[in-house]
Amino acid sequence: HNGLIYISGQGANDEGDVKGADITSHTTKVMNNVKKLVEAGGGSMDSILQLTVYLGNLDFYDGMNKVFKTYFPHGGPARTTVSVAGVPGKSLLEINCIAAVVRK
C-alpha cells in the first residue's frame, strides 16, 4: 500500500502445528517466511522498517535474538518484542512487519 508492504501473523506453523522444535528452529522458519513474503512484495530484508515479535515466553528472547542477528547483521529495523500468553498453532513466536518497496 503506497510503497509499503505489511506482513502479519507469521508463525512457525505455516504448514500445520510445529511440535518439538526449539526457539532457534522456530525463529529461523518465521524469518525465512518473512523474507520470502517481503521479497514477493518487492522489498528486501534491508527494506524492513519495523518488526513486532510476539514471544510465547520471554525466556526465548536470547535464542530469538541470536537468530535475528544473522538476518540483520548491521542492527536491523526498529523492533518491539512482547511476551504473550500463547501463539496460534503452537508456534513459539509470531512476527508482524512493515517494509518498504525497493524502488528500481
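Points to keep in mind about this one:
- Enumeration of residues in the stretch 35-73 that are assigned to a strand (DSSP E or B) and either touching a Lys or Arg at 6+ places or on another chain (Cβ under 6 Å) or farther than 14 Å from Val87 by Cβ (or both): Ile48, Leu49, Gln50, Leu51
- Residues in the stretch 52-64 that are within 12 Å of the chain's Cα centre (by Cα) and open to solvent by less than 30 Å² (accessible area, probe 1.4 Å): Thr52, Val53, Leu55, Met64.
- Among the residues of the stretch 22-49, those that are aliphatic (A, V, I, L, M) and surrounded by fewer than 14 Cβ atoms within 10 Å (Cβ to Cβ) comprise Ala40, Leu49.
- Annotation note: Cβ proximity below 9 Å between a residue of the stretch 92-104 that is of a type in the set (Asp, Glu) and a residue that is assigned to a strand (DSSP E or B) and open to solvent by 50 Å² or more (accessible area, probe 1.4 Å) (sequence gap 6+ or interchain) occurs for Glu94/Ser8; Glu94/Tyr54.
- The one condition from (1) at pLDDT 95 or above; (2) under 20 Å from Ser8 (Cβ atoms) that Thr70 does not meet is (2).
- All positions within the stretch 77-95 that are in a strand (DSSP E or B) and either in contact with an Asp or Glu (Cβ under 7 Å, 6 or more places away or on another chain) or crowded, with 16+ Cβ neighbours inside 10 Å (or both): Arg79, Thr81, Leu93, Glu94, Ile95
- The residue of the stretch 1-29 that is farthest from Phe60 (Cα to Cα), among those that are of a type in the set (A, V, I, L, M, F, W, C) and modelled with pLDDT of 90 or more, is Leu4.
The values are calculated or read from the model by the stated rules, or taken from the named source; none is laboratory data. Not measured: the values here are computed from a predicted model. So basically every Cβ, Gly included, is an ideal-geometry build from the backbone, and we count neighbours across all protein chains shown. Please note that ligands, DNA and RNA were not included when accessible areas were found on the heavy atoms of the full protein model with its side chains. Shrake-Rupley method; radii C 1.70, N 1.55, O 1.52, S 1.80 Å.
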